[in-house]
Amino acid sequence: LSMILRSILIKSPKTVFIHASSSQVYSAKESGEIVNENSEKKPSTFYGYTKLSGMSMIDFYRKEHKLNASSAIFFNHESTFRSCEFVSRKISKTVAEIKLGKKEFLTLRNIGAKADISSAYDLVRGLILMAQKCNNTDYIFSSFKSTSVLDLVKFAFEYVDMEWKDFLKYDQDKQTNYVIGNNQFSKNSLGWAPAIDVKAL
């Protein structure tokens, strides 16, 4: 990242650079904890530390070298490009297979886990608005609400007109700590808002 930023500074100082960060820069002390751009950043995962390191570097370059750079703090996001290793796609794929008679059950570990989930398409739209605004400010892109794994299961079975309770096997229904992103600053500053809800996605 440092090499990229240095190259922009030397060769193309008018370039607008946006760093894709993650909600994992925050640590959830409780379930449904709401965070914003100014909330304490204290990662609990290695991935979160790498993203926070990038944000710190961005902050240094824009303060010391006036570089046009910002960080987009992405909360969980989904799209049709997800591989089937992700729970959202595992659910949609398996439910389709059950509907077609190819499988009998959907098996999951924890249906109680929750996250702030958005559409990746909405988040990319946010990136474009950030680049156009070009004001060296970090933004959160999130749904500002929680969705559980069970919610995804219900959405999928409802879509194929089947009763989820008849086809679901799971190990536990346990809620874990998670953060919700307050997207109000992105709405007020960029005019951005989620257009695609999780059910539609």
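The values are calculated or read from the model by the stated rules, or taken from the named source; none is laboratory data. This one's a predicted model, so the numbers in the text were calculated from it and none came from an experiment. Methodologically, a virtual Cβ is constructed for each residue, glycine included, from the backbone with ideal geometry; neighbour enumeration extends over all protein chains shown. Heavy atoms of the whole protein, side chains included, go into the accessibility calculation; ligands, DNA and RNA do not. Shrake-Rupley method; radii C 1.70, N 1.55, O 1.52, S 1.80 Å.
Kindly indicate the residue of region 1-32 that is part of a loop (DSSP other than H, G, I, E, B) and among the charged types (D, E, K, R) and also most open to solvent (accessible area, probe 1.4 Å) among those meeting that condition. Working first, answer last.
So in region 1-32, the residues part of a loop (DSSP other than H, G, I, E, B) come out as 1, 12-16, 26-30.
Right, trim to among the charged types (D, E, K, R) and you get 14, 29-30.
On the way: Lys14: 183, Lys29: 143, Glu30: 105 Å².
The selected residue is Lys14.
Considering only region 147-161, I want to know if a residue exists there that is assigned to a loop (DSSP other than H, G, I, E, B) and either surrounded by 15 or more Cβ atoms within 10 Å (Cβ to Cβ) or touching a Phe, Trp or Tyr at 6+ places or on another chain (Cβ under 8 Å) (or both). No, region 147-161 contains no residue that is assigned to a loop (DSSP other than H, G, I, E, B) and either surrounded by 15 or more Cβ atoms within 10 Å (Cβ to Cβ) or touching a Phe, Trp or Tyr at 6+ places or on another chain (Cβ under 8 Å) (or both). Within region 68-78, can one find any residue that is open to solvent by less than 40 Å² (accessible area, probe 1.4 Å), among the hydroxyl-bearing types (Ser, Thr, Tyr) and either assigned to a loop (DSSP other than H, G, I, E, B) or at pLDDT below 95 (or both)? Within region 68-78, not a single residue is open to solvent by less than 40 Å² (accessible area, probe 1.4 Å), among the hydroxyl-bearing types (Ser, Thr, Tyr) and either assigned to a loop (DSSP other than H, G, I, E, B) or at pLDDT below 95 (or both).
The single condition among (1) part of a strand (DSSP E or B); (2) surrounded by fewer than 14 Cβ atoms within 10 Å (Cβ to Cβ) that Lys63 does not satisfy is (1). A Cβ distance below 9 Å, combined with a sequence gap of six or more or placement on separate chains, defines the contacts here; from region 33-53, residues that are surrounded by 12 or more Cβ atoms within 10 Å (Cβ to Cβ) reach residues that are modelled with pLDDT under 95 and hydrophobic (A, V, I, L, M, F, W, C) in the pairs Val35/Ala28; Ser44/Ala28; Ser53/Leu1. The residue of region 83-103 that is farthest from Met162 (Cα to Cα), among those that are part of a loop (DSSP other than H, G, I, E, B) and touching an Asp or Glu at 6+ places or on another chain (Cβ under 8 Å), is Phe86. Yes or no: region 121-132 includes at least one residue that is at pLDDT 95 or above and of a type in the set (Val, Ile, Thr). Taking every residue of region 121-132 in turn, at least one turns out to be at pLDDT 95 or above and of a type in the set (Val, Ile, Thr).
Can you spot a residue in region 110-119 that is free of Cβ contacts under 8 Å to residues at least 24 places away in the same chain, over 30 Å from Thr15 (Cβ atoms) and surrounded by 19 or more Cβ atoms within 10 Å (Cβ to Cβ)? It would help to see each step written out before you state the result.
Step one: list which residues in region 110-119 are free of Cβ contacts under 8 Å to residues at least 24 places away in the same chain, which gives none.
Among the residues of region 110-119, not one is free of Cβ contacts under 8 Å to residues at least 24 places away in the same chain, over 30 Å from Thr15 (Cβ atoms) and surrounded by 19 or more Cβ atoms within 10 Å (Cβ to Cβ), which makes the answer no.
Once region 89-109 is narrowed to residues that are surrounded by 15 or more Cβ atoms within 10 Å (Cβ to Cβ) and of a type in the set (A, V, I, L, M, F, W, C), the residue that is nearest to the chain's Cα centre (by Cα) is Ile91. Pairs only if they're at least six apart or on different chains, beta carbon under 6 angstrom, first in region 55-69 and closer than 21 Å to Lys41 by Cα, second at pLDDT 95 or above and among the polar types (S, T, N, Q); list them, first residue then second. Within 6 Å, the pairs are Met55/Ser21; Met55/Ser71; Ile58/Ser71.
Can you tell me how many residues within region 171-196 are farther than 24 Å from His77 by Cβ and not acidic (Asp, Glu)?
Kept after step one, since they are farther than 24 Å from His77 by Cβ, are these residues of region 171-196: 171-173.
Narrowing the set further to residues that are not acidic (Asp, Glu) leaves 172.
So the count comes out to 1.
Taking the criterion of being open to solvent by 60 Å² or more (accessible area, probe 1.4 Å) and either under 30 Å from Ala156 (Cβ atoms) or not in a helix (DSSP H, G or I) (or both), would at least one residue in region 129-143 satisfy it? No, every residue in region 129-143 fails to be open to solvent by 60 Å² or more (accessible area, probe 1.4 Å) and either under 30 Å from Ala156 (Cβ atoms) or not in a helix (DSSP H, G or I) (or both).
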